[in-house]
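Single-structure report; data block below.
The values are calculated or read from the model by the stated rules, or taken from the named source; none is laboratory data. Just so it is clear, the model here is predicted, and its values are computed rather than measured. Because the Cβ atoms are built from the backbone with ideal geometry, glycine has one as well, and the counts that use them run over all protein chains shown. For the accessible areas, the whole protein counts, side chains as well, though only heavy atoms, and no ligand, DNA or RNA atoms are used. Shrake-Rupley method; radii C 1.70, N 1.55, O 1.52, S 1.80 Å.
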Amino acid sequence: MEKRIGVVAILIQGRESVGQVNQILSSHNHIIQGRLGMPFRDKGVQVISLVVEGTTDQIGALTGPLGRLSSVQVKSVLTGYREDSNEDAEQS
């Protein structure tokens, strides 16, 4: 399958879902290449941006559960960059 590079934006309203978000992110850490979190305390909102690299199925497995959490919004953008993951296995 082809790997893609993308960006995932997560907006969390309130604090009740923060633990669940971190648990989901931790279980998908193998596709997360970078993470930036910014709390907007005066607004009661947290924003997390992720740089991810994985197949569309792997990225969907991350964003799907996040989007089903209450008070969490998720948007993802995948670049046109594609890499055949079979090449990775051959080079190892």
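Tabulated results
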item	result
Qualifying residue in segment 3-11 (condition: farther than 20 Å from residue 67 by Cβ and over 14 Å from the mean Cα position of the chain (by Cα))	yes
Segment 33-45 residues that are in contact (Cβ under 8 Å) with a residue 12 or more places away in the chain, paired with ones that are open to solvent by less than 100 Å² (accessible area, probe 1.4 Å) and assigned to a loop (DSSP other than H, G, I, E, B) (beta carbon under 7 Å, 6 or more apart)	44/14
Residue 75 being out of contact with any Ser or Thr (no Cβ under 6 Å at 6 or more places or on another chain), open to solvent by 70 Å² or more (accessible area, probe 1.4 Å), part of a strand (DSSP E or B) and not polar (S, T, N, Q)	yes
